[in-house]
Amino acid sequence: MDKQTEIYQYLRSVDCCRVCCLRFLKGTKEEFTDIDAALLKRGLESADQENGHQKAKRLKENVCIACLGLFDLDRIATLACEVKENACYQQYQCEAGFLTSISLPIVLHLRQLALWFDMLGRFPQAFSATNTPDIAVKDALKMIIIHQLEQTLGKPFSVDGVMINVPFTYAQEQDELRTLELISPGVFADRKSNKHTKKEFISRNAFEKHFSPSAINSERFRKHYAVPPVSTENVGLVRGELSFTGPTIFLAGRYNKFSRELSQTPWLIDGKRKMEGSVQETIAASIAPHFGVRDEQLIFSSSGREDVDVRCLGDGRPFVLEIIDAKTDQLPEEVAIRMEQQVGVSNTVAIRDIQLVKREDLVHIRGGEEDKRKFYRALCVTAEPVTEVMIQKLRIDEPFVMQQVTPLRVLHRRTLLARPRTVYSVRAFACRGNPYAMLVDIVSQAGTYIKELVHSDFGRTGPSFRSIIGTSIDIHALDVMAIDLDWPKKLRR
């Protein structure tokens, strides 16, 4: 009898299921998708045995000592059908496919450890104290379940798909795990004294770190826990209720803000709203329904932000909406157009170029912020009539660096720092209808406080327009004209 057959027959004799036997024989992915064929090909079961199994469905076996009935193939076979027929799953229309999240009790690690000690004693040439003896339970289960789900759902496994959550519990888990405290009391003394340790009896990571044949005494383990492990009749794992989580998707676009009385995001102070709406809420109201989520579930990000009283014109400001648990991962062109039109009805906000993007694309909006350039147009007023000399002084083609101490108006929410910022160009024009007004085009580094660049914030910004022209100057109105970020792709609908 060869070693493989000897191991298989021994494991079967101590009530290991056929799948767990294959785990300890390091089966391949292909073998786990067809257990019968795998055992037949390896010569571990004969065709006559297999035919007998198919006809009589075999006498009911005891609960497996390794997986506690997890690999009951009849029960697994019904899982895919349950998913397909589940009303909660049917609300998701995701072309990407699905992925699985399987929650298993830690007691399965303890039972694997007991079998590991057993196999080391019985088959020392085939097993090692430093290398795990089997294919992990969760890995084997995923190989089986994913194959069946792909066939039943007609969709591929994908990390961008709908997550199928499959929880399992074991009624006697805590009683069995308590034996670990007798096996390695020092581990639990350290955990109790560590304030950062979670309240759970032992974590999966802590088990893997402290409990292996090379880390604990074999005789002490055998004294407190059965080797091989035993199972109680009719007491195995219980599968909990299936649940589903849609993919997290990202929708990017550009927005224009035409109102000088609208904040970018909801403006709350001490829980009270300061303004009725915001750019974020106006956009979310038209986008959230398509993805089957509530407006407030959308997470809004943008390439910078403008003040309440500042408009954002030109091609607009790039933004991203993170949509968690989306019910669909598709954005048909006609739906995108309708969303843009619905936002435009507000007359305060417009969006364009909306499209789905990948998570890795967010580096464009979140990275290198200080390297970006912003283009502004400011209507400024002076204490004295505007002169040609003032205009010439504010026609600057060479970049210059100024120092900005955190402005007084934002000091309540920003750290007090002196920040260097580059102004790349300034170009002023006199206003024909008002001798005390000038229009100034400014190109500056992202993060520049433009209002303070103009009036100096009581000398906290310098050089400023005030220091350059030598007289008081303030800003009456400000517009963002352009943002130096060629993302997302322009669609020109």
Expected output for region 464-478 (first residue in the same structural domain as Leu453 (by the TED database) and modelled with pLDDT of 95 or more, partner part of a helix (DSSP H, G or I) and basic (Lys, Arg), Cβ below 8 Å, 6+ apart or cross-chain) is Ile468/Lys393; Ile469/Lys393; Ser472/Arg466; Ile473/Arg466; Ile475/Lys451; Leu478/Lys451
Within region 117-141, restricting to residues that are free of Cβ contacts under 8 Å to residues at least 24 places away in the same chain and hydroxyl-bearing (Ser, Thr, Tyr), the one that is least open to solvent (accessible area, probe 1.4 Å) is Ser128
Taking the condition in a helix (DSSP H, G or I), of a type in the set (Val, Ile, Thr), within 23 Å of Asp479 (Cα to Cα) and more than 34 Å from the chain's Cα centre (by Cα), does Ile391 pass? yes
Practice item. Please tell me if Val386 is touching a strand residue (DSSP E or B) at 6+ places or on another chain (Cβ under 8 Å), surrounded by 15 or more Cβ atoms within 10 Å (Cβ to Cβ) and either β-branched (Val, Ile, Thr) or outside any strand (DSSP E or B) (or both). Key: yes
Picked from region 392-404 (must be open to solvent by less than 80 Å² (accessible area, probe 1.4 Å) and touching a helix residue (DSSP H, G or I) at 6+ places or on another chain (Cβ under 9 Å)), the residue nearest to Ala378 (Cα to Cα) is Leu394
The condition of being assigned by the TED database to the domain that holds Ala140, in contact (Cβ under 8 Å) with a residue 24 or more places away in the chain and under 17 Å from Thr169 (Cβ atoms) holds, among Leu73, Leu110, only for Leu110
Quick count over region 85-115, residues being among the polar types (S, T, N, Q) and open to solvent by less than 20 Å² (accessible area, probe 1.4 Å), is 1
Discussion item. Residues that are open to solvent by 40 Å² or more (accessible area, probe 1.4 Å) and farther than 29 Å from Ile106 by Cβ: does region 245-260 have at least one?
Written reply: yes
Q) Does at least one position in region 409-420 carry a residue that is part of a strand (DSSP E or B), open to solvent by less than 30 Å² (accessible area, probe 1.4 Å) and out of contact with any Phe, Trp or Tyr (no Cβ under 7 Å at 6 or more places or on another chain)? A) no
By residue number, the members of region 311-341 that are among the basic types (Lys, Arg) and under 29 Å from Val480 (Cα atoms) are Arg311, Arg317, Arg338
*Is it true that Ile269 is more than 30 Å from Val137 (Cα to Cα), modelled with pLDDT under 95 and open to solvent by 10 Å² or more (accessible area, probe 1.4 Å)?*
yes
Subset of region 451-472, residues open to solvent by 10 Å² or more (accessible area, probe 1.4 Å) and among the β-branched types (Val, Ile, Thr), comes to Ile468, Ile469, Thr471
**Prompt:** Would a scan of region 98-114 turn up a residue that is at pLDDT below 95 and part of a loop (DSSP other than H, G, I, E, B)?
**Reply:** no
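Per-residue answers, yes or no, for (1) closer than 21 Å to Ala482 by Cβ; (2) assigned by the TED database to the domain that holds Ser301; (3) open to solvent by less than 10 Å² (accessible area, probe 1.4 Å):
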site	(1), (2), (3)
Val343	yes, yes, yes
Leu356	no, yes, no
Arg359	no, yes, no
Arg432	no, no, no
Ala446	yes, no, yes
Selection over region 9-23 where residues are assigned to a helix (DSSP H, G or I) and either open to solvent by 10 Å² or more (accessible area, probe 1.4 Å) or touching a strand residue (DSSP E or B) at 6+ places or on another chain (Cβ under 7 Å) (or both) yields a count of 5
Counted residues in region 141-178 being within 30 Å of Lys223 (Cα to Cα) and of a type in the set (Gly, Ala, Ser) come to 1
Expected single match for within 26 Å of Cys17 (Cβ to Cβ) and either modelled with pLDDT under 90 or out of contact with any strand residue (DSSP E or B) (no Cβ under 8 Å at 6 or more places or on another chain) (or both) among Thr169, Thr197, Thr232 is Thr232
Selection over region 305-335 where residues are buried (at least 20 other Cβ atoms within 10 Å of the Cβ) and in contact with a Gly (Cβ under 9 Å, 6 or more places away or on another chain) yields a count of 9
Scanning region 153-186 residue by residue, the ones that are outside any loop (DSSP other than H, G, I, E, B), surrounded by 14 or more Cβ atoms within 10 Å (Cβ to Cβ) and more than 27 Å from the chain's Cα centre (by Cα) total 7
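The values are calculated or read from the model by the stated rules, or taken from the named source; none is laboratory data. As the structure is a prediction and not an experimental result, all values here were calculated from the model. As a convention, Cβ positions derive from the backbone with ideal geometry for all residues, glycine included, and neighbour counts pool all protein chains shown. The protein model used for the area step is the full one, side chains on, heavy atoms only, and it has no ligands, DNA or RNA in it. Shrake-Rupley method; radii C 1.70, N 1.55, O 1.52, S 1.80 Å.
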